[in-house]
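Structure first, commentary second.
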Amino acid sequence: MTNLNQKQLDTRSWKWEWAAWIAGIFTFAAAVLPPMDEFVDASFSAHMLQHMILTMVSAPLLAYALPLLYRNQTSSWFTNLLDQLTRPAVALIISAVGIWIWHIPFLYDVALEDEFLHFLEHVVFLLAFVLFWRPLMSNKAVGGYLKSNEGRVLYLTIGMFTTGLLAAYITLAKHLIYTHYAPLEAGVRSPLADQQLGGAYMLVVGTVAMVAAILLTLRDDP
Amino acid sequence: MSDHSIDSPAYGLENKPILRVSLVYMLTGFVIFLIMGILGLMMRLDHAGWWVLSPDWFYRIMTLHGAGMVAALLMAAMGGIIAILNKTVKLSARWLWSAYVIYSLSVPFLLYAVLIGGYAGGWTALDPLPYHGLTWGKSAGVMMYVTFLAVGVGFLIYCVHLFDVTRRKAGGVRRALAWEVIFSRKSNATPYEPEVAELAAMATSIIGIVTVFGGILVLAPLFAEAAGLLKSVNPLYSKNFIMLFGHSIANVTIYIAVALVYGLLPVYTKRGGHTTKFVALAWNFTIILVLTPPPHHLYQDFAQPLGLAIIGQVASWSIAPSVLLLTILGNLSYIYRSGMRWAVPSVMIALGFWGWVFGGIGGTIDSAIPANNLLHNTLWVPAHFHAYYLLGVTTFVWGYLFYLISDLSGVKEKASTKIAAWLYGIAGAGFLLVFFLSGADSVPRRYAVHLPEWNLLAAIAVPFVLLTIFSLLWIIWDMMRGLSGAWRNTGAPKLE
């Protein structure tokens, strides 16, 4: 059940949600369209940066803009669905599964060979992380909204760990995990060094984004 | 809500967020402590020859155990003191949660570095460490030092906040350090007397701030080395500042834990809790005498300037009188003929004094240069700091946690749980005695592989470790009865 009422929907300004929507779409486009798209083919680390933009920049912006999709309704199948999907535990699981599955080496490499699968991968990342960021946002919340400091800290800590563990594994791997990049010319870095750098980008950007989110949402009030 | 008597803290609605964060700090520290304890058992089993680990895994476990224990116990002590300070000082949940979050980043990075990256270099950083280990790469070394950075920055945020709030409450640093009490004359107007917890918070926050800056002075060049901006960091410089950071962090933990004793003892003895001139002097001396002993780690480094070694020697011995006379004997005088109510927290406090005494004696002996020539790389060194920690810090901190949960929930302890506390003391004493005997027998420290003739002493230690675990589980079982109530009573009210 949504916790919105008609008065909330009617009286509040939507300007920030629209701004977030525009910024989210813009950053998504910048990440998936050329020239970024061309760097991704040549470099694992560039590919990781692309994913970081999707999950840590575009996704939270679109998560903030999400209420635009139900601004004319207090209760519908859509808000009921969002109710369930934005419950913290559900959102955590979806985002963790989404990111881990697409980093299985076979699937990752195949997605790089197939345009449709690659597009699907990005859509999954984006939607999964829109759901991930949503429980932290109080604007016209439906479903689970994390009200307490400890709830937010725990939620983001688990999120940081699930993505961080994958990032650490990639950073510290002593062998090439994603062989799509193996035959490419070494250039400045070897494929293994580039893979480690990509893991480091994932670890650093992910950690910084989540820590920033925690620090921004902490409150003194009970 | 529990029935709050005159000697219980006053828990108002505005205090609940602080009490909640205090519980989170202490419980997080407690869980990590338990896991690190299991790692300690594994090391003792290895030394006993009963579960032989590969050297690579021994050193990984040693790295996790050491870093994890120090970080966990410091976090728990930090949580305890804010619960006491909360009674008289307005703290910010936002600042304390921020410190917690940054500090807790150390956990995943330590796990990544050791379990995935294979880092096994302990916390020392002398060239070619930490980046050129045989079994780990540079990234693992970097992650290890990110761990230290996270602990340092988190602790710094916490210390800055405590410094600020105690300074504001007192109306200045000098008043917060009880200088009006120290320098008062009979003819003066009544001097400003901070609460002991406030004085302790001010003193330890100053120590913490200096310590973290010492850490930054070594971590910055280490990160520069990782980035290729420096070829290597001067080993003597590196060791001095790593010891300033690491040793002081471990040492200040003891004093933060002692502040919990000053807050808790009056509850059980109906005495004490006043900031006398001598108490004020002791805490002020603590600031200097915690920061100056670290050179005692470099007695065996021939390149170390003699002057620093002498400073380390003098400082290491100088702290003993104030600790012994003021804190230990002073608090024992509160206990003597007080009719102290013996409960788990008060038993733990009493045990803690003895742990501190024996740890201190062991440390004082080892800090004498001639003795250090014999004992430096033996198990005597871990014996003394395990005495401070196992029967000092942990008893003070877990005793306070037990009290806090009971008081917040209103669930009283079972009378029989005192037995578990005494068993913890016996177990700890036995474990520590073995360590000291091993050190006296020149068994080396930081060796994965022990000669067969060294196995017996470690084998004797193992049952004491198991007894420690048993007694802790007993205490935990009793503590758990009140945990949900304590959690509920510190929760935010539901908003309409």
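General remarks:
- Filtering segment B:45-58 to residues that are surrounded by fewer than 22 Cβ atoms within 10 Å (Cβ to Cβ) and part of a helix (DSSP H, G or I) leaves B:45, B:55, B:56, B:57, B:58.
- Entry remark, segment A:190-208: residues being in contact (Cβ under 8 Å) with a residue 12 or more places away in the chain and either within 13 Å of chain B (Cβ to nearest Cβ) or touching a Lys or Arg at 6+ places or on another chain (Cβ under 9 Å) (or both) number 12 in total.
- Matching residues in segment A:156-168 - criterion: being within 12 Å of residue A:198 (Cβ to Cβ) and either out of contact with any Phe, Trp or Tyr (no Cβ under 7 Å at 6 or more places or on another chain) or within 10 Å of chain B (Cβ to nearest Cβ) (or both): A:167
- Pair list, Cβ < 8 Å and 6+ apart or interchain, from segment B:213-225 residues that are on the phi < 0 side of the Ramachandran plot to residues that are charged (D, E, K, R): B:225/B:231
- Residue satisfying all of: in segment B:105-118; more than 7 Å from chain A (Cβ to nearest Cβ) and either touching a Gly at 6+ places or on another chain (Cβ under 6 Å) or in a helix (DSSP H, G or I) (or both); surrounded by the fewest Cβ atoms within 10 Å (Cβ to Cβ) among these: B:115
- Checking each residue in segment A:1-47 for being in a loop (DSSP other than H, G, I, E, B) and either over 18 Å from residue A:70 (Cβ atoms) or at pLDDT 85 or above (or both) picks out A:33, A:34, A:35, A:43.
- Only listed residue being among the β-branched types (Val, Ile, Thr) and modelled with pLDDT of 95 or more, chosen from B:135, B:166: B:166
- Number of residues in segment B:328-368 that are surrounded by 21 or more Cβ atoms within 10 Å (Cβ to Cβ) and of a type in the set (S, T, N, Q): the value is 3.
- Residue in segment B:246-264 that is surrounded by fewer than 19 Cβ atoms within 10 Å (Cβ to Cβ) and either at pLDDT below 90 or farther than 30 Å from residue B:369 by Cβ (or both) present: no
One line per residue, one yes/no per condition, for (1) under 18 Å from residue B:350 (Cβ atoms); (2) in contact with a helix residue (DSSP H, G or I) (Cβ under 6 Å, 6 or more places away or on another chain); (3) free of Cβ contacts under 8 Å to residues at least 60 places away in the same chain; (4) of a type in the set (D, E, K, R):
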site: B:426; (1), (2), (3), (4): yes, no, yes, no
site: B:433; (1), (2), (3), (4): no, no, yes, no
site: B:436; (1), (2), (3), (4): no, yes, no, no
site: B:442; (1), (2), (3), (4): no, no, no, no
site: B:447; (1), (2), (3), (4): no, no, yes, no
site: B:454; (1), (2), (3), (4): no, no, no, no
site: B:461; (1), (2), (3), (4): no, yes, no, no
site: B:467; (1), (2), (3), (4): no, yes, yes, no
site: B:470; (1), (2), (3), (4): no, no, yes, no
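- Residue count for segment A:39-78 under the criterion of being among the aromatic types (Phe, Trp, Tyr), closer than 20 Å to residue A:145 by Cα and either surrounded by 21 or more Cβ atoms within 10 Å (Cβ to Cβ) or in contact with an Asp or Glu (Cβ under 6 Å, 6 or more places away or on another chain) (or both): the result is 1.
- With respect to the stated conditions, residue B:125 is more than 14 Å from chain A (Cβ to nearest Cβ), surrounded by 24 or more Cβ atoms within 10 Å (Cβ to Cβ) and of a type outside the set (Asp, Glu).
- Enumerated helices (runs of 4 or more DSSP H) restricted to segment B:325-403, each holding at least 1 residues that are of a type in the set (Ser, Thr, Tyr) and more than 21 Å from residue B:71 (Cβ to Cβ): B:330-335, B:344-366
So that you can scan it fast, the table gives a plain yes or no per residue for (1) in contact (Cβ under 8 Å) with a residue 60 or more places away in the chain; (2) over 28 Å from residue B:104 (Cα atoms); (3) among the small types (Gly, Ala, Ser):
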position	(1), (2), (3)
A:80	yes, yes, no
A:96	yes, no, yes
A:99	yes, no, no
A:114	no, yes, no
A:138	no, no, yes
A:151	yes, no, yes
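- Verdict on residue B:120 being in contact with a helix residue (DSSP H, G or I) (Cβ under 6 Å, 6 or more places away or on another chain), closer than 15 Å to residue B:63 by Cβ and at pLDDT below 90: no
- Here residue B:139 meets each of (1) in contact with a helix residue (DSSP H, G or I) (Cβ under 6 Å, 6 or more places away or on another chain); (2) more than 19 Å from residue B:446 (Cα to Cα); (3) in contact (Cβ under 8 Å) with a residue 40 or more places away in the chain with one exception, condition (3).
- Whichever residue in segment A:122-155 is in a loop (DSSP other than H, G, I, E, B) and away from every other protein chain (no Cβ under 14 Å) and, among such residues, is modelled with the highest pLDDT: A:137
- Residue within segment B:75-88 that is farther than 19 Å from residue B:257 by Cβ, surrounded by fewer than 24 Cβ atoms within 10 Å (Cβ to Cβ) and more than 14 Å from chain A (Cβ to nearest Cβ) present: yes
- Test: residue in segment B:238-248 that is free of Cβ contacts under 8 Å to residues at least 12 places away in the same chain and out of contact with any Gly (no Cβ under 8 Å at 6 or more places or on another chain): no
- Residue check for residue B:49: more than 14 Å from chain A (Cβ to nearest Cβ) and at positive phi: yes
- Boolean, residue B:454 is surrounded by fewer than 18 Cβ atoms within 10 Å (Cβ to Cβ) and assigned to a helix (DSSP H, G or I): no
- Filtered by the rule that a residue be in a loop (DSSP other than H, G, I, E, B) and within 12 Å of chain A (Cβ to nearest Cβ), segment B:89-104 gives B:90, B:91, B:92.
The values are calculated or read from the model by the stated rules, or taken from the named source; none is laboratory data. Owing to the predicted nature of the structure, the values given are computational and were not obtained by experimental measurement. Using ideal geometry, Cβ is built from the backbone for each residue, glycine included, and neighbour counts are taken over all protein chains shown.
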